[in-house]
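K.L.:
The structure is given below, and queries will be raised subsequently.
The values are calculated or read from the model by the stated rules, or taken from the named source; none is laboratory data. Since this is a predicted model, take the numbers as computed values, not measurements. As a convention, Cβ positions derive from the backbone with ideal geometry for all residues, glycine included, and neighbour counts pool all protein chains shown. Accessible surface areas use protein heavy atoms only, side chains included; no ligands, DNA or RNA. Shrake-Rupley method; radii C 1.70, N 1.55, O 1.52, S 1.80 Å.
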Amino acid sequence: MNIEKIISELTLEEKASLCSGRSVWNTVEVDRLGIKSIMMTDGPHGLRRQPEGDEQTGMFVSVPSTCFPPASLSACSFDRELLHEMGEALGEECVAENVRILLGPGANIKRSPLCGRNFEYFSEDPYLAGEMAAAHIQGVQSKGVGTSLKHFAANSQETRRFCSDSRMDERTLNEIYLPAFKKAVTDAQPATIMCSYNLLNGEYVSQNHYLLTETLRDKWGFEGVVVSDWGAVFERVKSLAAGLELEMPGSCDDNDKKIVDAVRAGLLSEDVLDLAVRRLLTLLERIGGDGTTVVFDKEKHNELAKKIAAESMVLLKNNGILPLKQDADIVFIGDFAQSPRYQGAGSSQVNPIKMTSALEAAGNYNNVRFCKGYDTGNCEQAETLLEAEAVAAARDADVCVLFVGLTPEYESEGFDREHMRLPGGHNSLIEAVAAVNPNVVVVLHNGSPVEMPWADKTAAILEAYLGGQAGGDAVVDILFGKQNPCGKLAESFPKKLSDNPSFLYYFGERDVTEYREGIFVGYRYYDTKDMDVLFPFGHGLSYTTFGYSNLVLSASSIKDTDTLTVTVDVTNTGSVPGKEIVQLYVGAAYKDSWVIRAEKELKGFQKVLLQPGETKTVTFALDKSAFAYYNTGLHDWHVMTGPYRIQIGRSSRDIALTAQVDVVSTVPIRFKADVNTTFGDILRLEGGKEFIEELWERFPQFVQPPEDSEPGTIEYMSYKSQFEMVPRSVLAFDTSGMTLDQFQQMLDEKINK
Ligand code: BGC
């Protein structure tokens, strides 16, 4: 395609028309110049491809496609290869259906368990979310089709999703809400990125130049096209100038006309429009395809969906009752056992090719009975008769497996949850069954954490999340030990909703939501506060056990431009093969009044398969990003000089080994010292130490380091407290006659030179 020639031959009207969709899912074609229309479709965990001409028939009518587990489950695999494989399969299905862009994945951060759309997002942790998103994108795009990384950015609630203004400071934005997008863009170059509905700090994201151009293109080098979320455009001309190339769906030509008028009136440079068209044509060239379709192997994709579910589900608790004994008398209780909730509600809803419930999957085990327990149509109140029947069946069973969770009425795109509880009827059922039988195994189907007031009364809890079309097979394989569970939580489960750091501010005030908890999202908050949680980030049990040894760092001191290599040995100390997710966290081991840090941050993970008795060495490479925080003065990442903890753990709360490394910054923070700068800060500047030493000699009111003095003595207290003082306050008591101007001059000569 000769893009420049095409641009020169397009009329102004044609150029503008290319910047919005022709229909709900298609772009505009210009036949005379050979510009073809392409189709895009939701995403992210399967195709919601609506039949041609049926675009308006609603969410439930779409061509059958494999329903893979949504992101809240697949992220718990902590498995980049698996996400890549899922992406490849999705890519194949796109090619088969002539879909050129699959809308997803979603890399938004789970700020609160209440977000109605958490099932579509990977994690509360930006590093994990970024790794998963990048692998997903690379997989899909390896088949020649595109993705649309969404919803960019700072979109962590459904309440007022079209008009809520996410207000946060620059550090929080850059440390928590942007890195997953950055990672996905820099590692995987998604063909498109979908801007979100909300505003960021007072400006609609769809017309936010800072996000769409300065950050996305100038800083991260994004090469694709920015697409609006469906209906996210407000002022079209402004959004085009800010960097939004494609408005979706079509805008009934009204916005195209506004673009034409603005160019004609000299309010918008035609170069801006040309740039957008150039990017759109480049996209078509990259992922437009040649019209050939393939047939994919449905059974293979079903097997993959099962594998992903089985390797992601998280065994939260087990007193040894699992795996179940094949000859035990088992009763499956709960409607979800026969009609599971297997995906989230809203635009990501896939029409699955096939569906296997746990009950069907358990067909091979002839000692499994079933009791409905509740009716999915009405879960809030206990169904007295169904519950009584379940209790009666539970009394004489060896094991009761209870299938409970959230229905779409409790959790969906388009609105947020009101609380973190299970439906009242489900809680009541668990309590009633646990009262007559101690061998209760709870299987949860939900897209986001729930409170578990009954946790202590159960023998085991399996967090199955929303398992996709083969989730039932995966659950049964785990219950009976055919699959050794190996998923770990990609989010913390607080004991109660009010423990969550965003609790006081989450819904905001009218259209304004302030992210006041700042960088303290998820385990960054719970771990720094040392607060009890129900299940920590990274937690997940196995039917085997793992031992850790030989944590070795390649150096005890590095510069922030160096790479630190970390190795650790992991051994399967149990009797069955199993996979362990080795997690590496980094935490500042210093306390510093310059920068507030979280106690630890995930900076690496690897999943390893180990046979009983087998040991493998796992290697991590840590660069500056493992130690840095975002400095708002530099508008860039910066490392504080100091000691850092390297922690290897089974979860954020189960740290097996710790080592320490000193990191030296190569980027000194420069500022001008003045008479209001603390002596502590002056001490950090070049020449500061000598300057302070001179003061000790010259002025009697300065306190020299006391000899042999311990914290807790008056001498030590005076010595320490002078570093919190500023020259202005000291000179107020000075009898030497030195003025503030003279002191400033001294600072300028010795420090600010
Ligand atoms: C959702 C997007 C989705 C789009 C198209 C929007 O409402 O936020 O995630 O891709 O609709 O269905």
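K.L.:
Can you work out which of the residues in the range 85-128 that are within 22 Å of residue 161 (Cβ to Cβ) and assigned to a helix (DSSP H, G or I) is farthest from the ligand (Cβ to nearest atom)?
P.N.:
126
K.L.:
Among the residues in the range 466-474, are any surrounded by fewer than 24 Cβ atoms within 10 Å (Cβ to Cβ), modelled with pLDDT of 95 or more and more than 22 Å from residue 121 (Cβ to Cβ)?
P.N.:
There is no residue in the range 466-474 that is surrounded by fewer than 24 Cβ atoms within 10 Å (Cβ to Cβ), modelled with pLDDT of 95 or more and more than 22 Å from residue 121 (Cβ to Cβ).
K.L.:
Please go through the range 621-646 and pick out each residue that is surrounded by 20 or more Cβ atoms within 10 Å (Cβ to Cβ), touching a Gly at 6+ places or on another chain (Cβ under 9 Å) and in a strand (DSSP E or B).
P.N.:
Matches in the range 621-646: 622, 644, 646.
K.L.:
Let me ask something else. Taking residue 42 as meeting all but one of (1) under 22 Å from residue 314 (Cβ atoms); (2) more than 16 Å from the chain's Cα centre (by Cα); (3) within 16 Å of the ligand (Cβ to nearest atom), write down the number of the exception.
P.N.:
The number of the failed condition is (1).
K.L.:
Filter the range 658-669 for residues that are farther than 23 Å from residue 176 by Cα and buried (at least 17 other Cβ atoms within 10 Å of the Cβ) and give the result.
P.N.:
Across the range 658-669, the qualifying residue is only 661.
Conditions tested, residue by residue: (1) within 29 Å of the chain's Cα centre (by Cα); (2) open to solvent by less than 20 Å² (accessible area, probe 1.4 Å); (3) without any contact (Cβ under 8 Å) to a residue 40 or more places away in the chain; (4) over 30 Å from residue 533 (Cα atoms).
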{"residue": "654", "(1), (2), (3), (4)": "yes, no, no, no"}
{"residue": "671", "(1), (2), (3), (4)": "no, no, yes, yes"}
{"residue": "678", "(1), (2), (3), (4)": "no, no, no, yes"}
{"residue": "701", "(1), (2), (3), (4)": "no, no, yes, yes"}
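K.L.:
Name every residue in the range 299-314 that is surrounded by fewer than 24 Cβ atoms within 10 Å (Cβ to Cβ) and assigned to a strand (DSSP E or B), in order of residue number.
P.N.:
Of everything in the range 299-314, nothing turns out to be surrounded by fewer than 24 Cβ atoms within 10 Å (Cβ to Cβ) and assigned to a strand (DSSP E or B).
K.L.:
A follow-up question, please. Looking only at the range 160-184, count how many residues are in contact with a strand residue (DSSP E or B) (Cβ under 7 Å, 6 or more places away or on another chain) and either aromatic (Phe, Trp, Tyr) or within 16 Å of the ligand (Cβ to nearest atom) (or both).
P.N.:
Matching residues across the range 160-184 total 4.
K.L.:
Contact list please: Cβ distance under 7 Å, first residue in the range 316-331 and within 11 Å of residue 442 (Cβ to Cβ) and at pLDDT 95 or above, second residue aromatic (Phe, Trp, Tyr) and crowded, with 20+ Cβ neighbours inside 10 Å, pairs at least six apart or on different chains.
P.N.:
Going by the 7 Å Cβ cut-off, the qualifying pairs are 316/535.
K.L.:
Something else about it: For the range 708-715, check the following and say yes or no: at least one residue is open to solvent by 70 Å² or more (accessible area, probe 1.4 Å), in contact with a Pro (Cβ under 6 Å, 6 or more places away or on another chain) and in a helix (DSSP H, G or I).
P.N.:
Yes, some residue in the range 708-715 is open to solvent by 70 Å² or more (accessible area, probe 1.4 Å), in contact with a Pro (Cβ under 6 Å, 6 or more places away or on another chain) and in a helix (DSSP H, G or I).
K.L.:
While we're on this one: Take the residues in the range 499-540 that are over 15 Å from residue 159 (Cα atoms) and among the polar types (S, T, N, Q); name whichever of them is most open to solvent (accessible area, probe 1.4 Å).
P.N.:
528
K.L.:
Just for the range 334-354: of the residues that are away from the ligand (no atom under 16 Å from the Cβ) and over 15 Å from residue 445 (Cα atoms), which one is most open to solvent (accessible area, probe 1.4 Å)?
P.N.:
354
K.L.:
In the set 117, 100, which member is in the same structural domain as residue 44 (by TED's automatic domain parsing) and open to solvent by less than 10 Å² (accessible area, probe 1.4 Å)?
P.N.:
When all the criteria are applied, what remains is 117.
K.L.:
Scan the range 187-225 for residues that are open to solvent by 10 Å² or more (accessible area, probe 1.4 Å) and within 13 Å of the ligand (Cβ to nearest atom) and jot them down.
P.N.:
Selection gives 197 alone.
K.L.:
Right, another one. State yes or no: is residue 279 out of contact with any Asp or Glu (no Cβ under 6 Å at 6 or more places or on another chain) and touching a residue at least 40 places away in the same chain (Cβ under 8 Å)?
P.N.:
For residue 279, the condition - out of contact with any Asp or Glu (no Cβ under 6 Å at 6 or more places or on another chain) and touching a residue at least 40 places away in the same chain (Cβ under 8 Å) - is not met.
K.L.:
Right, another one. In the range 315-333, how many are more than 21 Å from residue 370 (Cβ to Cβ) and open to solvent by 20 Å² or more (accessible area, probe 1.4 Å)?
P.N.:
Residues meeting the conditions: 4.
K.L.:
Filter the range 134-158 for residues that are within 14 Å of the ligand (Cβ to nearest atom) and open to solvent by 10 Å² or more (accessible area, probe 1.4 Å) and give the result.
P.N.:
155
K.L.:
Could I ask something else about it? Please go through the range 226-236 and give me each residue that is away from the ligand (no atom under 15 Å from the Cβ) and surrounded by 19 or more Cβ atoms within 10 Å (Cβ to Cβ), ordered by number.
P.N.:
Matches in the range 226-236: 236 only.
K.L.:
Still on this structure, please answer the following. Within the range 494-510, count every residue that is under 19 Å from the mean Cα position of the chain (by Cα) and free of Cβ contacts under 8 Å to residues at least 60 places away in the same chain.
P.N.:
The total comes to 1.
K.L.:
Identify, by number, the condition in (1) in contact (Cβ under 8 Å) with a residue 12 or more places away in the chain; (2) in contact with a Lys or Arg (Cβ under 9 Å, 6 or more places away or on another chain); (3) of a type outside the set (A, V, I, L, M, F, W, C) that residue 26 doesn't meet.
P.N.:
The single condition residue 26 does not satisfy is (2).
K.L.:
Of 170, 88, which residue is under 22 Å from residue 601 (Cβ atoms), touching a Ser or Thr at 6+ places or on another chain (Cβ under 7 Å) and open to solvent by 10 Å² or more (accessible area, probe 1.4 Å)? Explain how you work it out, then say what you get.
P.N.:
Details: 88 fails: under 22 Å from residue 601 (Cβ atoms).
After ruling out the rest, the residue left standing is 170.
K.L.:
Residues that are at pLDDT 95 or above, hydrophobic (A, V, I, L, M, F, W, C) and exposed (fewer than 15 other Cβ atoms within 10 Å of the Cβ): does the range 274-296 have at least one?
P.N.:
no
K.L.:
Using beta carbons and a limit of 7 Å, which pairs, at least six apart or on different chains, have the first residue in the range 730-743 and more than 15 Å from residue 696 (Cα to Cα) and modelled with pLDDT of 85 or more and the second one open to solvent by less than 30 Å² (accessible area, probe 1.4 Å) and part of a loop (DSSP other than H, G, I, E, B)?
P.N.:
Qualifying pairs under 7 Å: 740/675.
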